[in-house]
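Every number in this text was worked out from the coordinates using simple rules, so none of it is lab data. Predicted, not measured: the structure shown is a model, and the values here were computed from it. Reconstructed Cβ throughout: ideal geometry from the backbone, glycine too, with neighbour counts over all protein chains shown.
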Amino acid sequence: MADNNKQLFKTVSCLSSVGISRVAATFIGLAMGFYLDRWLETSPWFTLGFLLLGIASGFRNIFILTTRELRRQEQDENEKTDSKHGQP
């Protein structure tokens, strides 16, 4: 039971970090573009460009975090099956 709770908390923390990472990357790109546009008076080009970069960066972060989580879950499953079969 405790092992299931531990697994659940790890999965929930991974999912929340994916969401936070996606939103943060988008807002950082938007803010950078907005302030560059204000400073250089080039509205809306830097805002749009950096917004797109932020969105792309958010999707890249999702890919990296989900790949890492899938590897971790696969390792956990392999360790469980090895322990059931008596292998160290």
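The value of relative contact order for the range 21-74, using C-alpha pairs under 8 Å at least six residues apart, is 42 percent. Here the range 1-26 and the range 37-88 have alpha carbon centers that stand 12 Å from each other. Looking at the chain from every direction and averaging, what is the projected area of its Cα convex hull in nm²? With the hull built on Cα positions only, its mean projection is 6.8 nm².
Work out, step by step, the length gained on full extension between Ala31 and Asn78: first 0.36 nm times the residue separation, then minus their alpha carbon distance; give nm to one decimal.
Working: separation 47, 0.36 × 47 = 16.92 nm, distance 4.35 nm.
Working it through step by step, the gained length comes to 12.6 nm.
Net charge near Gly54: determine it from the other residues with C-beta under 12 Å of the C-beta of Gly54, scoring Lys and Arg +1 and Asp and Glu -1. Every neighbour counted, the sum reads +2.
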